[in-house]
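The values are calculated or read from the model by the stated rules, or taken from the named source; none is laboratory data. Everything quoted here is computed from the prediction, not taken from an experiment. Note that we place each Cβ from the backbone using ideal geometry, even for glycine, and neighbour counts take in every protein chain shown.
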Amino acid sequence: MKNNLVISQEEKKGSAAFQVFGFTNKIRRLSAHLELHKKDYSSQRGLRKILGKRQRLLAYFSKKNRVRYKELISQLNIREIKR
């Protein structure tokens with residue numbers, strides 16, 4: 001995925017949207033890795049940690065900017081967080 005697809009120019013690298021985008025890319029890479037290496041427990045733990053970070057960040061983002069949150073999850077093809 002390209003950065004300009006999801007993140008506009010005015011959003012900085014520290015923004016919640018940019019961080020969610022980065023975590024999503026890491027999650028996809030780790031998921032592909034774990035399909036090949038099923039017993040790589042260190043990577044499984046890392047994946048769970050990143051999933052938790054992304055979940056907390058999405059919860060924060062949904063409270064702060066609901067419209068942009070909806071756009072972001074649709075662009076990244078991820079599910080909405082549970083409340």
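Condition check ((1) at positive phi; (2) in a helix (DSSP H, G or I); (3) modelled with pLDDT of 90 or more) across all residues:
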site: Leu5; (1), (2), (3): no, yes, no
site: Gln9; (1), (2), (3): no, no, no
site: Phe18; (1), (2), (3): no, yes, yes
site: Asn25; (1), (2), (3): no, yes, yes
site: Leu30; (1), (2), (3): no, yes, yes
site: Leu34; (1), (2), (3): no, yes, yes
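Condition (residue is in a loop (DSSP other than H, G, I, E, B), of a type in the set (Lys, Arg) and within 19 Å of Asn25 (Cα to Cα)) applied to segment 71-80: is it met by at least one residue? Yes, because at least one residue in segment 71-80 is in a loop (DSSP other than H, G, I, E, B), of a type in the set (Lys, Arg) and within 19 Å of Asn25 (Cα to Cα).
Inclusion of Ile50 among residues that are surrounded by 14 or more Cβ atoms within 10 Å (Cβ to Cβ), free of Cβ contacts under 8 Å to residues at least 40 places away in the same chain and within 10 Å of the chain's Cα centre (by Cα) is warranted. Taken over segment 9-47, the criterion of being more than 27 Å from Tyr69 (Cβ to Cβ), in contact (Cβ under 8 Å) with a residue 12 or more places away in the chain and small (Gly, Ala, Ser) is satisfied by Ser43 alone.
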